[in-house]
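Student: Take a look at this one; I'll ask things after.
The values are calculated or read from the model by the stated rules, or taken from the named source; none is laboratory data. For clarity, every value in this text was computed on a predicted model and none was experimentally measured. When we count neighbours, we look across all protein chains shown, and the Cβ atoms used for this are built from the backbone with ideal geometry, even at glycine.
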Amino acid sequence: MTKVARNVTARRVSPTTDMLGESPVWDPQSATLYWVDGVSRLINVHDTTAGTFRQIKVPSMIGSIGLATDGKLVAGLVDGIYLIDVDNGDCSLLYKLPNASDRIRFNDGKVDRQGRFLCGSMGVYAEACGELIRVDATGKSDILANGIRIANSLCFSPDGTTMYFSDSLDRKVRAYSYDKEEGALDRPRIHVDTAEFDSGPDGATVDSEGCIWVALVQAGKIGRFTPDGKLDCLIEAPTDMPSCVNFGGPDLSTLYVTSIKDSGSGRAISRHPHGGALYALDGLGVTGLPEPRFGEIQSLRS
């Protein structure tokens, strides 16, 4: 197991700050980094080759995105899961929340190794009314879990057989055995109890060694935990409220970190002068995994 290097450096990437930065996703085909500002209803687009930044306006708050095919992203908006055209911003509905209201919205989401998008909805007022939904490219949907207050930390082991997921208010990241064909879940086990870090878990990702990286949003730290749930390292985040992490860059060795300025709920307001900026951490000594594309099965790693 690789030990994270001690000479980690942080650099600010975004020229502006987000209200609620979330869901960084690296597209290796175009060397483009995407992430969202949920409150401002924006998808940020950073072409790292050209060094340019632009934004795509979406029709409602946005919780998360994933790569798709044909120049599109898959996204969890307030009332459903949509395909979004990167060039013109057109949105097409894949799945509509049957119980859509002003008390529930989609939050954290990821594409699994079989090319299906999983996205958890949440109670806007922290009510336990959220569900974990899986949608495939044909629009077929399944409800995998319910009773969720704030869905977060969704990611998958390298071989796709373990799903990590949290209700942030429980302060626990749970691990589920995940059937790669049917996507069925078994009874979860507690993988990481983040209460000992005085934080709920926010966004998460898995590296090439199967370790899970978790944004400890209330502690201002990022933790790396081994496949058996032990703390490997704890890194100070560049701002006080890191919200989500993902690997990117040409060799997937850069950890991108989104952060919060003001979540709009009153639960998370940064006191850092650069709260809401997107950062990159280099020198970690480990690499990430390429994110699957919605509608494409990824070659699974053991």
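Student: All but one of (1) under 17 Å from F225 (Cα atoms); (2) surrounded by fewer than 18 Cβ atoms within 10 Å (Cβ to Cβ); (3) of a type in the set (K, R) hold for R187; which doesn't?
Tutor: (1)
Student: If you check G210 against the conditions, is it assigned to a loop (DSSP other than H, G, I, E, B) and within 25 Å of D282 (Cα to Cα)?
Tutor: Here the answer is yes, as G210 does meet what is asked.
Student: Provide a single number: the residues in the range 262-286 that are under 17 Å from the mean Cα position of the chain (by Cα), at pLDDT 95 or above, at negative phi and assigned to a loop (DSSP other than H, G, I, E, B).
Tutor: 2
Student: Residues of the range 82-108 being in contact with a Phe, Trp or Tyr (Cβ under 9 Å, 6 or more places away or on another chain) and within 27 Å of T17 (Cβ to Cβ), which ones?
Tutor: If the condition is that a residue be in contact with a Phe, Trp or Tyr (Cβ under 9 Å, 6 or more places away or on another chain) and within 27 Å of T17 (Cβ to Cβ), then Y82, V86, C91, D108 are the ones that fit.
Student: Which members of the range 137-183 meet the condition of being part of a loop (DSSP other than H, G, I, E, B), touching a strand residue (DSSP E or B) at 6+ places or on another chain (Cβ under 8 Å) and touching a residue at least 24 places away in the same chain (Cβ under 8 Å)?
Tutor: Those that are part of a loop (DSSP other than H, G, I, E, B), touching a strand residue (DSSP E or B) at 6+ places or on another chain (Cβ under 8 Å) and touching a residue at least 24 places away in the same chain (Cβ under 8 Å): A137, G139, R149, I150, S157, P158, G160, R171, G183.
Student: Now, a different point. In the range 91-105, which residue that is loosely packed, with under 15 Cβ neighbours inside 10 Å and in contact with a strand residue (DSSP E or B) (Cβ under 7 Å, 6 or more places away or on another chain) is farthest from I143 (Cα to Cα)?
Tutor: Within the range 91-105, the match that is farthest from I143 (Cα to Cα) is S92.
Student: Tell me, which residue of the range 124-135 that is touching a residue at least 24 places away in the same chain (Cβ under 8 Å) and surrounded by 18 or more Cβ atoms within 10 Å (Cβ to Cβ) is nearest to R267 (Cα to Cα)?
Tutor: Taking the candidates together, the pick is V124.
Student: Identify, please: which residue in the range 166-184 is closer than 21 Å to F247 by Cβ and touching a Lys or Arg at 6+ places or on another chain (Cβ under 7 Å) and is, among those, surrounded by the fewest Cβ atoms within 10 Å (Cβ to Cβ)?
Tutor: The residue in question is A175.
Student: Can you name every residue in the range 139-165 that is surrounded by 15 or more Cβ atoms within 10 Å (Cβ to Cβ) and aliphatic (A, V, I, L, M)?
Tutor: L144, A145, I148, I150, A151, L154, M163
Student: Could you grab me the full set of residues in the range 237-265 that are free of Cβ contacts under 8 Å to residues at least 60 places away in the same chain, within 16 Å of F197 (Cβ to Cβ) and of a type outside the set (A, V, I, L, M, F, W, C)?
Tutor: Within the range 237-265, D240, P242 meet the criteria.
Student: Being outside any strand (DSSP E or B), charged (D, E, K, R) and surrounded by 18 or more Cβ atoms within 10 Å (Cβ to Cβ) is the filter here; which residues of the range 36-86 pass it?
Tutor: If the condition is that a residue be outside any strand (DSSP E or B), charged (D, E, K, R) and surrounded by 18 or more Cβ atoms within 10 Å (Cβ to Cβ), then R41, D79 are the ones that fit.
Student: Separate question: Within the range 224-250, track down each residue that is more than 18 Å from the chain's Cα centre (by Cα) and assigned to a strand (DSSP E or B).
Tutor: Residues satisfying the conditions are L231, D232, C233, L234, I235, E236.
Student: Let me ask another. Where residues in the range 192-210 are of a type outside the set (D, E, K, R) and surrounded by fewer than 23 Cβ atoms within 10 Å (Cβ to Cβ), which of them is farthest from D170 (Cα to Cα)?
Tutor: S208
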